Every structure is written in C-alpha cells, then in structure tokens.
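The numbers here are math on the coordinates, done by the rules we state, and not lab data. Just so you know, these numbers come straight off a predicted model, no measurement behind them. Glycine gets a Cβ as well: all are built from the backbone with ideal geometry, and neighbour counts include every protein chain shown.
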Amino acid sequence: MEKMILIKYGELTTKKGNRNMFIKILTKNIEEMLREYNVHIVKNRVRMFIEVLDGKFDEVVLKLQKVFGLHSIVICEKVNTKEIEEIKKISLELLKKEVFHTFKVVTDRADKTYPINSMEVSRQVGGYLLKYLENKKVDIHHPEMTLHIEIRPDGTYFYTKEIEGIGGYPVGIQGKGMLMLSGGIDSPVALYLALKRGVQIECIYFDSPPHTSLEAKNKVLKLASILNEYSGHIKVHIVPFTKLQEAIFKNCDPTYMITIMRRMMYRISERLAKKRNCKIIINGESIGQVASQTLSSMSVINEVTNMPVIRPVACMDKLEIIRLSEKIGTYETSILPYEDCCTIFVPKHPVIHPDLKKAKEMEQTFDYESLIYECIKNVETISNFEEETNDLL
C-alpha cells in the first residue's frame, strides 16, 4: 500500500466549463503553499492526489487547511489492484487497526469499466468485515466508522477520515481587490472572506504619525502577515496620511471630520487600486456599527467613487465577526491597544446622517487634490512579511 493525500475539490466543482481553469489556479496555489516540501501532485477533474515524498504528512495537511478551494483533505492508502477479494482483505487489514463498534462501507466506482457497481462492492466488503471482525455491527445512518473505497482506473483508494477544508474559490481566480486594512477586528475578517471568494488582495493602510504610533503600523503588518498564510501574495501599501488628516481637522466642521476623512480615503483607495490593476475596493464596514457606517453615511462617503465597493462583513453582527477573527487567528493582534487614524480626532458627536452638499462645501475649503497626490506619490509598499514582522510587537 502507498500512503498519499487525496484532495476533494470544493465549490469549484459547480463550474462545469470553467472547471479546468479553477483547478489550474488551485494547483498553482497548492504548489506555492507546499514549496518547502518534497511532493508530487497529480490531478484530474474530480480529485487531486499528493505524494508526500519526504513523509511530512502532518505538516503538509496543516498547510493544506489554509488553501481556499478544498472541500476536504484525506490521508488514504492506495493499492494497484482492483480485484474484489484483495479489496476485502485490505479493508479488513485497515479496520483491524481502528477502534469502533458500528461501521458502514461507502464505495465510489470512478472507473465505470469495473464490472461490479458501487453498492455491490459495499455490500460484499461489508459482509466480509462482519464475518471476520468480532462484535461489530453495520449502521448505515450513524456509524462510528465509515470505510471509503474509491475504485479508479489506476487502482483502489481506501480511507476512514476526512479533514474539512476551508472551501471557497482558489485565491486569484477573481482577480485583485484593494482592501482598506485598519488595526481593528473587522477589516482582517473582511480580508479573509474576500480571499475565500477567490480575490487576490492588496491592502492600503493610512498612517498618520505622530498621531498614530509605530506600534499601530506594525500591528497592521502583523495582521497582514497572519492572513498572508492563506494567500502568500498580500502586499500592504502604507499611505502617509498626516498632512491630509490635519487639513481636515483645521478646515472642517468637527462633526463632519470622519465623513470627510472617509471620503478622502475612498478617493486614495480608488486611485491606488486602479494603479495596481485592482477591480474592486474592499473594507470592513458593518452596517450601523459606528457613525460612518450608517446607511446615510455610507451613501455620502461612497459618492466619491464609481469603483465597486465590497463589504464582506456588512450584515454580520459584532459577535459573529469576533468569532471568525478568533478562528482565523487575528483577534489577539486586533485588540492590541494601538490607535489607528480612524480613532484620532474623533468628535464626541459625529454626524450620523451627513448631508452630501454640506460635505462637498467643506471639501472646497482646502486643496485636498494636491494632498491626495502627495499621499499616493509617497506610498511605501511592503510584501516581505518574514523580514518586516520579526520583531514587530
């Protein structure tokens, strides 16, 4: 028997005519994720098989659990024979190593030239196991142990356990998006969810020293580093936002400061997104969570751009977002007490139903276009998180 990893594809199996393209990108992503390991990958339209030549199965599985596009990951045993008597004997040998009381056999006859159909294989193997395993019963509804047998043109595969994948689409299948990344809880979750839909991510972070600290910037880079484990290609564009934010503070009604600031952020995000060939803007806005995220505020703020704006957590409540941030490993970093530019200069009572005409009038009181140009001109881009995040926090 040969031990290997069997991959079951996720949602991409619904893509019919485009399936080959999805599988091609998924394979590329897996190869990139496993570049440190000695593996050999064989794929077809319904399965992928990974030989782990250096024997590091546990490490490889952990890596695969962070690859979008996988329904499940299976460590299986392959034999070259398809003889039914050999299948029975191997099934018995495998189940003798397991502890259980009830079981069932599930067969997938992928090789349609095989003379025995799936149900009959399962019936024959199940009967054989009942005969030679003591004190075992068949339970087809709630078995403690399920033996899977897949009969394929190149041999027979056996497995008893499946590890759930994270599903979604392979990252990159949908093109690129520019994500507005802050140091909070919401935007890293939005990043994760965008990756899950196949969007390759570049991030924009608005840095406002000395009003924001180096620790705040490093916190954002740490979050990007954590999420980069799911993608491997995240870039963070750090925008020097101090002069523009100070101009807003000096020239605008305090109650409108957040509204005007967010409008400027959208303008910068759109221009940088187009420069980087991104198709959409993404952020962590959640309806009603803060003053700038009421429907009225979103409408006024969004007015400055025609680029599609995707808000993956818009309809999630805070507890749902927190639970997901804990699951993906960003929560503990997100709650570190370092303020970003969205939490400075905040008035006691920001407007929650801003007037678009009034916001535009305030913007005409200073030369924001030259400040935006300066912001984009002086962007710093970071992509090598292994170097940048060694001693961040």
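Work out, step by step, the length gained on full extension between Leu130 and Thr381: first 0.36 nm times the residue separation, then minus their alpha carbon distance; give nm to one decimal.
Values: separation 251, 0.36 × 251 = 90.36 nm, distance 6.31 nm.
Length gained between Leu130 and Thr381: 84.0 nm.
What does the helix-only formula give at 222 nm for the chain: each DSSP H stretch with n ≥ 4 adding -39500 (n - 2.57), the total divided by the residues, and the result rounded to the nearest 500 deg cm²/dmol?
Per the formula, -11500 deg cm²/dmol.
Using the alpha-carbon atoms, what tilt in degrees (0 to 90, nearest 10) does helix 84-95 show relative to the longest principal axis of the chain? Approximately 60 degrees, to the nearest 10. Measuring between their Cα centroids, segment 116-158 and segment 303-356 lie 51 Å from each other.
Between Glu162 and Glu332, the modelled label-to-label distance comes to 3.2 nm, taking each label 7 Å out from Cα in the direction of the beta carbon.
Please give me the summed charge of the neighbours of Gly284: other residues whose Cβ is under 14 Å from its Cβ, Lys and Arg +1, Asp and Glu -1. Summing Lys and Arg as +1 and Asp and Glu as -1 gives -2.
Seen against the Cα atoms of the chain and their longest principal axis, helix 19-33 is set at about 80 degrees.
Only beta bridges with both residues in segment 176-388 are counted; by DSSP, about 15 percent of them are antiparallel. Comparing Gly168, Gly183, Gly329 in a Gaussian network model of the chain, where Cα atoms under 10 Å apart are tied by springs, the biggest mean-square fluctuation is seen for Gly329. Taking the Cα centre of each part, how many Å lie between segment 275-294 and segment 214-271? Measuring centre to centre over Cα atoms gives 12 Å. Selection among Ile328, His142, Phe100 by position relative to the dipole of the chain gives His142 as farthest towards the positive end (Cβ unit charges, Cα centre).
Calculated FRET efficiency, Asp253 and Glu339, Cβ-Cβ r, R0 22 Å, to nearest 0.05? Efficiency at R0 = 22 Å is approximately 0.50. Sorted on the mean count of surrounding Cβ atoms within 10 Å across their residues, most packed first, peptides 32-38, 205-211 read 205-211, 32-38. Under the convention that each Lys and Arg Cβ holds +1 and each Asp and Glu Cβ holds -1, the size of the dipole of the chain around its Cα centre is about 1320 debye.
A cut-off of 5 Å between modelled amide H atoms, ignoring neighbours fewer than 5 places along the same chain, links Ile280 with Met178. Residue by residue, segment 177-189 carries 3J(HN,Hα) couplings of x, 9, 9, 7, 9, 10, x, x, 7, 6, 5, x, 5 Hz when phi is fed to the Karplus relation 6.51 cos²θ - 1.76 cosθ + 1.60 (θ = phi - 60°); x denotes Gly or Pro. Between Ile287 and Lys274, the contour length at 0.36 nm per residue exceeds the alpha carbon distance by 2.1 nm. Between the alpha-carbon centres of segment 69-115 and segment 28-64 there is a gap of 21 Å. Helix 318-328 and the long axis of the chain differ in direction by around 60°, with both axes built from C-alpha atoms. Counting only lysines at least 8 places from Lys357 when in the same chain, there are none with an alpha carbon closer than 17 Å to its own. If you wrap the tightest convex hull around every Cα atom of the chain and split its volume per residue, you get 161 Å³.
Once Rg and the Kirkwood radius are both taken over the C-alpha atoms of segment 249-361, their ratio Rg/Rh works out to 0.98.
Taking a threshold of 21 Å on the Cα-Cα distance, which of the pairs Lys196/Lys217; Lys66/Lys176; Lys63/Lys279; Lys88/Lys131; Lys24/Lys275; Lys176/Lys219 fall above it? Violating the 21 Å limit, Cα to Cα: Lys196/Lys217; Lys63/Lys279; Lys24/Lys275; Lys176/Lys219. Label sites at Asn18 and Lys318, each approximated as a point 7 angstrom past Cα along Cα to Cβ, lie 3.8 nm apart.
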